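Read through the structure below, which is laid out as structure tokens, and then see the notes.
The values are calculated or read from the model by the stated rules, or taken from the named source; none is laboratory data. The shown structure was predicted, so the numbers you read here are calculated from the model rather than taken from an experiment. Positions of Cβ are generated from backbone atoms using ideal geometry, with glycine treated the same way; all protein chains shown enter the neighbour counts.
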Amino acid sequence: MEINNHILTGSKVKKMVPSPNHSGEFERGNLDSVIMHYTAGPYQTSLRTLINPSVRASAHVIIDRDGTITQLVPLNLQAWHAGKSYYDGRSGYNRYSIGIEIVNSGYLTKSGNIYRAWYGEAFNPSEVIEGIHRNQTTPRYWHVYTPEQIETAYEFVQLLIDTYGIKHILGHEEIAPKRKTDPGPAFPLDRFRDRLLGTTRDQDGADDLPDTGRVIASVLNIRSQPNTSGAIVASPLQRGQKVTILEEHGDWYKVSVPITGWVYAKYIDIT
Ligand SMILES: [Zn+2]
């Protein structure tokens, strides 16, 4: 990926879909943050919303489930993604930040063996993780992000750091904690900013766990528990396959491919 004159190009970048929902250029010196969001809906409907002039919302880019990225607003202009927001002594984060939407359905409601988004779409258990949101106290079900989305997010934010001197990476849930739950616990936000910025904000969320890796064994069993007596949960992973690493337990990693299960860590090469 490359940024030329505030427009993103590259093999993962789709044709720009301009949104009218933005203000003028950032004031000099203001742009220093990135805000991570989920769309809470599928790509097409989310894109339509973010370019609809009557909705008055947008983001700079949207990352689809396959890791492709579509730009809506040039990176030197203020998109409308943060809304009423406050963090670290500043309010109105549209003035300070690039907004990144990632296609993800947010929290899901379980009924029987299926999980439903607020708009009715159903998901299999393999597309769901259970986790406690940083602003909540009880676990809920959350739609997983794909390894391709996480990889694109890393690549794009690294480029923003190099191009614009970004110093802060925050979740919408952190700058508008009463209103917002995105990107939620399925997104590895603490590791993401720790690896990109080398800073640790959140003591309990921080660890040295890598985020993504690749299978280096020719085939690799994926199991329900971090030991060889755990039931095999899906057909074996193949050499070269990308995984998102969620947890570590002894010699094992819990991974999302996006089916979630445990694999031997020594057969995963960290990317
Ligand atoms: Zn948001």
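Points to keep in mind about this one:
- Filter result for the condition that a residue is within 15 Å of the ligand (Cβ to nearest atom) and either closer than 14 Å to Leu77 by Cβ or out of contact with any Asp or Glu (no Cβ under 6 Å at 6 or more places or on another chain) (or both), over Ile7, Ile63, Ile3: Ile63
- Residues satisfying the criterion are absent from the stretch 24-43 (criterion: among the β-branched types (Val, Ile, Thr), surrounded by fewer than 17 Cβ atoms within 10 Å (Cβ to Cβ), under 20 Å from Trp118 (Cα atoms) and within 16 Å of the ligand (Cβ to nearest atom)).
- Selection count where residues are closer than 30 Å to Leu108 by Cβ and either in contact (Cβ under 8 Å) with a residue 60 or more places away in the chain or of a type in the set (Lys, Arg) (or both), scope the stretch 2-44: 14
- Close pairs from the stretch 93-109: first within 12 Å of the ligand (Cβ to nearest atom) and modelled with pLDDT of 95 or more, partner part of a loop (DSSP other than H, G, I, E, B) and of a type in the set (A, V, I, L, M, F, W, C), Cβ under 6 Å, at least 6 apart: Tyr93/Ala82; Asn94/Trp80; Asn94/Ala82; Gly99/Ala59; Glu101/Ala59; Gly106/Ala40
- Each residue in the stretch 76-92 was checked for being within 13 Å of the ligand (Cβ to nearest atom) and part of a loop (DSSP other than H, G, I, E, B), and 6 of them qualify.
- Residue within the stretch 113-124 that is in contact with an Asp or Glu (Cβ under 9 Å, 6 or more places away or on another chain) and either of a type in the set (A, V, I, L, M) or buried (at least 17 other Cβ atoms within 10 Å of the Cβ) (or both) present: yes
- Positions within the stretch 164-179 being surrounded by fewer than 22 Cβ atoms within 10 Å (Cβ to Cβ) and either free of Cβ contacts under 8 Å to residues at least 40 places away in the same chain or touching a His at 6+ places or on another chain (Cβ under 9 Å) (or both), in sequence order: Lys178, Arg179
- Evaluation of Val55 against (1) more than 16 Å from the ligand (Cβ to nearest atom); (2) in a loop (DSSP other than H, G, I, E, B) (one fails), failing number: (1)
- Here Ile62 fulfils each of the conditions (1) in the same structural domain as Thr163 (by TED's automatic domain parsing); (2) under 19 Å from the mean Cα position of the chain (by Cα); (3) more than 20 Å from Leu8 (Cα to Cα) apart from (3).
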